[in-house]
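See below for the structure under consideration.
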Amino acid sequence: MELIISTDEESGSKIAYEILKETLLKNEQAVLGLATGTTPLKLYQLMIDDYQKGNMSYKNIKTYNLDEYVGLDENNPQSYRYFMNKILFEHLDIDLNNTFVPNGIGNQEVSILEYDKLLKNLGPADIQILGIGSNGHIAFNEPGTDFNLTTHVTELSKSTIKDNSRLFNNINEVPTKAITMGIKSIMESKQIILMAFGKNKQEAIYQLLSGKIDNKFPASILNNHQNITVICDKEASSLLTEKKID
Ligand code: GLP
């Protein structure tokens, strides 16, 4: 696990973009694993800016997202599909038919099977972008989730509902369930960039970098990944004192 501590979110996102760009330039048909949340917003803006300058094309890129709230359809501004369309996809030359987000509505068993089938067909992400929840969740794999699970429906923990309520009018509007890629599939990604910015993430980054693997802290399994870069700003890394990273 490589750790990069950036001055701030801006510079951390630039570092993430440089890594991503290098991967995409090597393979114009790359499969890109994407995340929602506020953490990747600056990275997505950098992707758009560079595309608009004519430096990049997403014509042959395929993307899949980690998760979706159960009960929200693509027209709901709180859904992750809507978020991805508005924040990123509509600003690139990507074919929307090549972008995939789990289906939050309809028969859940069917949606789960369909997403696992899709992931199998697309193959592992050439590069997966990740954020981290303050309780250590990645995608919506909450504390206690089996590391061997693939796509599944999960109950969101109280702390995740509370954290994510900042993006809703009030806490009662936050869905209580989500459909999420499992850790097994995330771990199959060829390369991972995990970003964490701000004070709210300092405990999570401290635990992640402690190297102890335990499903009570789902992100800890990433210590077993062969090609992961963790990028965090000074605030998120402030509990790491003299930690040895290899
Ligand atoms: C959400 C998403 C995760 C995301 C995390 C952190 O619950 N399911 O994929 O990484 O929370 O969100 P944020 O980046 O807004 O801090």
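The values are calculated or read from the model by the stated rules, or taken from the named source; none is laboratory data. Computed from a predicted model, the values in this text were never measured in an experiment. For neighbour counting, all protein chains shown are included, and Cβ atoms are generated from backbone atoms with ideal geometry for every residue, glycine included. For the accessible areas, the whole protein counts, side chains as well, though only heavy atoms, and no ligand, DNA or RNA atoms are used. Shrake-Rupley method; radii C 1.70, N 1.55, O 1.52, S 1.80 Å.
Take the conditions (1) within 15 Å of the ligand (Cβ to nearest atom); (2) open to solvent by less than 20 Å² (accessible area, probe 1.4 Å); (3) among the charged types (D, E, K, R); ASP50 misses just one of them, which is (1).
On inspection, GLY211 passes the criterion of being on the phi > 0 side of the Ramachandran plot, over 14 Å from the mean Cα position of the chain (by Cα), modelled with pLDDT under 95 and not β-branched (Val, Ile, Thr). With the condition kept exactly as written, say whether any residue in segment 46-60 is within 16 Å of the chain's Cα centre (by Cα), charged (D, E, K, R) and closer than 23 Å to LEU194 by Cβ. No, every residue in segment 46-60 fails to be within 16 Å of the chain's Cα centre (by Cα), charged (D, E, K, R) and closer than 23 Å to LEU194 by Cβ. Looking only at segment 64-84, residues that are open to solvent by 20 Å² or more (accessible area, probe 1.4 Å) and not in a loop (DSSP other than H, G, I, E, B) come to 4 in all. Out of all the residues in segment 196-204, is one or more of a type outside the set (S, T, N, Q), within 14 Å of GLY133 (Cα to Cα) and open to solvent by less than 10 Å² (accessible area, probe 1.4 Å)? Checking segment 196-204: at least one residue is of a type outside the set (S, T, N, Q), within 14 Å of GLY133 (Cα to Cα) and open to solvent by less than 10 Å² (accessible area, probe 1.4 Å).
For the criterion of being free of Cβ contacts under 8 Å to residues at least 60 places away in the same chain, under 23 Å from GLY123 (Cα atoms) and more than 16 Å from the ligand (Cβ to nearest atom), ASN172 fails.
The rows are residues; the columns are (1) in contact with a Lys or Arg (Cβ under 7 Å, 6 or more places away or on another chain); (2) open to solvent by 20 Å² or more (accessible area, probe 1.4 Å); (3) in a loop (DSSP other than H, G, I, E, B).
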| residue | (1), (2), (3) |
| --- | --- |
| GLU109 | no, yes, no |
| GLU114 | no, yes, no |
| SER134 | yes, yes, yes |
| PRO143 | yes, yes, yes |
| LYS162 | no, yes, no |
| ASN169 | no, yes, yes |
| ASN172 | no, yes, no |
| ILE193 | no, no, no |
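Applying the set (1) crowded, with 16+ Cβ neighbours inside 10 Å; (2) acidic (Asp, Glu); (3) within 15 Å of the ligand (Cβ to nearest atom) to GLU155 leaves exactly one unmet item: (1). Looking across LEU209, LEU240, one residue alone is in a loop (DSSP other than H, G, I, E, B), in contact with a Leu (Cβ under 7 Å, 6 or more places away or on another chain), hydrophobic (A, V, I, L, M, F, W, C) and more than 30 Å from VAL70 (Cα to Cα). It is LEU240. Just one of the listed residues (SER57, SER6) is of a type in the set (Ser, Thr, Tyr) and open to solvent by 50 Å² or more (accessible area, probe 1.4 Å), namely SER57.
Based on this model, can you work out whether THR150 counts as open to solvent by less than 20 Å² (accessible area, probe 1.4 Å) and more than 22 Å from SER13 (Cα to Cα)? Here the answer is no, as THR150 does not meet what is asked. Residues of segment 26-47 that are within 16 Å of the ligand (Cβ to nearest atom), surrounded by 16 or more Cβ atoms within 10 Å (Cβ to Cβ) and in a loop (DSSP other than H, G, I, E, B): ALA35, THR36, GLY37, THR39, PRO40. Give segment 175-191 a look and list any residue that's open to solvent by less than 10 Å² (accessible area, probe 1.4 Å) and under 13 Å from GLN78 (Cβ atoms), or say none. Of everything in segment 175-191, just one residue is open to solvent by less than 10 Å² (accessible area, probe 1.4 Å) and under 13 Å from GLN78 (Cβ atoms), namely ALA178.
Say whether the condition of being of a type in the set (Phe, Trp, Tyr), open to solvent by 40 Å² or more (accessible area, probe 1.4 Å) and more than 17 Å from the chain's Cα centre (by Cα) is met by at least one residue in segment 94-104.
No, that holds for no residue.
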